[in-house]
Amino acid sequence: MVSFIILNYNTHELTERCVESIRRHIPAESYEIIVVDNDSRPDDREALKKATGTTVRLMVNKMNTGFGAGNMLGAYAAKGDYLCFLNSDVYLTEDCVTPLCTYLHQHPETGVITPQQYDGEGRIVPSFDHAPGIWIELLGNRPLEWLFPARYPRRKHQHYTHPFAATQINGCFMLFPADKFWKAGGFDLNLFLYYEEFDICSRLRKKGWNSVVYPGCRFSHLHEQSTRRIRSATIREMYISRMYCYRKYHGLTTATLYRLVNLLIVLCKPHKWYILPVLWRGEALSLSLRHRT
């Protein structure tokens, strides 16, 4: 059985669409749906409760604990052999889950998998990303993809036909064997938003498990619909999470150099100067949205 876990934060219409797409495309006897409401407005939460009915388990969080902790609440309640974490602005266009479960069963070296992502207009979107690093910040993706294609496979303008391992897959659709998810430690509760996928894919890799993109199946993602109204705050949060994760996996000295590189880049972009406090103080978890929601 697959446990679908969806976070809702004032996005009941998107969440309802996501739930309905699961019901439409996935065989009914093979899944459960858990929606975690991350302290939405009462009207949004009540609308969600009314629309989803009794076939969805709705768990109400009394505070917004962010992506990782909110999903962990759902994961603790899940009964499935597989855990599928979906953003509320994702919707299925086919049964992309059954083939993924089959692949995971046949390839025990895989720790997490995702289908090919498309946007709301049906255009292909990269389903994976490269690890953050100094050369990525200085040069960008394309030169490294051209110079070192084995380490940096092309993200854009590339149509893949066979499953392949990536450094990290996108966090909007992540399907784990439940046992591997828990052995890797689940999501890091220090992260409020962003870089959860990099973090857990890094820990899976340390245990010898791949993060795989399966291009034979597809899904649609409306992309950041739940955060677009607070864009500057979420960009700041992205930098906080990035600095935290880089220090976690590279140590203080290298992380300090990485932070200074980011600081110099942002100094050249006055429209991003609101990020400077984060880079000046390091990971600055005290500036996280967690403390302002």
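The values are calculated or read from the model by the stated rules, or taken from the named source; none is laboratory data. Since this is a predicted model, take the numbers as computed values, not measurements. Virtual Cβ from ideal backbone geometry, glycine too; neighbours counted across all protein chains shown. Heavy atoms of the whole protein, side chains included, go into the accessibility calculation; ligands, DNA and RNA do not. Shrake-Rupley method; radii C 1.70, N 1.55, O 1.52, S 1.80 Å.
Sort through 222, 193 and tell me the only one that's modelled with pLDDT under 95, in contact with a helix residue (DSSP H, G or I) (Cβ under 6 Å, 6 or more places away or on another chain), surrounded by 17 or more Cβ atoms within 10 Å (Cβ to Cβ) and more than 21 Å from residue 1 (Cα to Cα).
193
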**Prompt:** Within the stretch 134-157, how many residues are open to solvent by 90 Å² or more (accessible area, probe 1.4 Å), in contact with a helix residue (DSSP H, G or I) (Cβ under 7 Å, 6 or more places away or on another chain) and either of a type in the set (A, V, I, L, M, F, W, C) or closer than 17 Å to residue 242 by Cβ (or both)?
**Reply:** 2
**Counted residues, the stretch 158-189 - those being surrounded by 13 or more Cβ atoms within 10 Å (Cβ to Cβ) and over 17 Å from residue 201 (Cα atoms)** = 1
**Asked** If residue 186 passes every condition in (1) at pLDDT 95 or above; (2) within 21 Å of residue 117 (Cβ to Cβ) but one, which one does it miss?
**Response** (2)
**Message:** Take residue 100 and tell me if it is touching a helix residue (DSSP H, G or I) at 6+ places or on another chain (Cβ under 7 Å), open to solvent by less than 50 Å² (accessible area, probe 1.4 Å), at pLDDT 95 or above and closer than 15 Å to residue 22 by Cα.
**Reply:** no
**Message:** Restricting to the stretch 251-290, count the residues that are within 23 Å of the chain's Cα centre (by Cα), open to solvent by 80 Å² or more (accessible area, probe 1.4 Å) and modelled with pLDDT of 95 or more.
**Reply:** 0
**Item:** Pair list, Cβ under 8 Å, 6 or more apart: the stretch 183-194 residue free of Cβ contacts under 8 Å to residues at least 12 places away in the same chain, other residue part of a loop (DSSP other than H, G, I, E, B) and open to solvent by less than 10 Å² (accessible area, probe 1.4 Å)
**Value:** none
**Request:** Mind listing whichever residues of the stretch 107-119 are touching a residue at least 12 places away in the same chain (Cβ under 8 Å), open to solvent by 40 Å² or more (accessible area, probe 1.4 Å) and of a type outside the set (Asp, Glu)?
**Result:** 107
**Item:** Hey, residue 220 over 29 Å from residue 286 (Cα atoms), touching a Lys or Arg at 6+ places or on another chain (Cβ under 8 Å) and either hydroxyl-bearing (Ser, Thr, Tyr) or outside any loop (DSSP other than H, G, I, E, B) (or both) or not
**Value:** no
